[in-house]
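Data block below; observations after.
The values are calculated or read from the model by the stated rules, or taken from the named source; none is laboratory data. Please read all numbers here as calculations on a predicted model, not as lab measurements. Neighbour counts run over all protein chains shown; Cβ positions are idealised from the backbone, glycine included. Remember, those area values only see protein heavy atoms, side chains included, never the ligands or the DNA or RNA. Shrake-Rupley method; radii C 1.70, N 1.55, O 1.52, S 1.80 Å.
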Amino acid sequence: METKIGFGYDVHRLVEGRRLILGGIDIPFSKGLLGHSDADVLLHAITDALLGAAGLGDIGELFPDTDSRYKNADSAQLLTEAFLKVRKNNFSIGNIDAVIVCQEPKLTPFKKQIQCMIASILGISPDNVSVKAKTNEGLGDIGEGKAIAAYAITLICKEI
Ligand code: MG
């Protein structure tokens, strides 16, 4: 069976007056991520990992932030559209592994919910989605709570 791996990374600034949405889940916090879309940094990293694995470019090419259609866009919708393109190339997802780098808030209570949400967006088993969260040990902009970053890797398999 043909398999391919893909890697994705994203970072967004944390600012006041925005909702914090991570992996499609609304996280209660005093700040949220700044972006043209809903700025869901985790779903963006996963979208890029899937597109990368299938050799289909990146999220910025598919959904340019100069396009008003994507203003405040639901990133779950963007991920769904990207995954449809991946599926059109006859790939299904083996698994996804992701890391959120976030100083605050503590994400441990939300990890399971985020994992299940990603699985439901993609129509795969939660067993094939892993979401990890860590702080940046107080280092740099992420450590100072000015931004949140996410990394994701995925394996996709060609259906015969
Ligand atoms: Mg982004």
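Could you estimate the translational diffusion coefficient of segment 95-160 from the Stokes-Einstein equation, with Rh from the Kirkwood formula over C-alpha pairs, at 25 °C and 0.890 mPa s, in whole µm²/s? Before the final figure, lay out each step's value.
Values: Rh = 12.9 Å.
Translational diffusion coefficient: 191 µm²/s.
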| query | Mean shadow of segment 49-143, computed from the convex hull of its alpha carbons, in nm²? | reply | 7.3
| Could you list, bin by bin from short to long, the percent of Cα-Cα pairs of the chain in 10 Å steps? | 12, 43, 34, 11, 1
| query | Which one of Pro109, Pro64, Pro126 has the biggest mean-square fluctuation once the chain is modelled by GNM with Cα springs under 10 Å? | reply | Pro109
| Residues of the chain: accessible area per residue at 1.4 Å, in Å²? | 51
| said: With a 1.4 Å probe and all protein chains left in place, how much of the accessible area of segment 3-158 comes from carbon and sulfur atoms, in whole percent? | reply: 50
| request: Go ahead and collect, in residue order, the members of segment 22-38 whose backbone nitrogen is under 17 Å from a label point 7 Å along the Cα-Cβ direction of Asp67. | output: 36-38
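Using the structure shown, select from Lys112/Lys146; Lys85/Lys111; Lys31/Lys88; Lys31/Lys71; Lys31/Lys111; Lys132/Lys158 the pairs with a Cα to Cα distance greater than 29 angstrom.
Values: Lys112/Lys146 25 Å; Lys85/Lys111 27 Å; Lys31/Lys88 38 Å; Lys31/Lys71 19 Å; Lys31/Lys111 19 Å; Lys132/Lys158 27 Å.
Pairs exceeding 29 Å: Lys31/Lys88.
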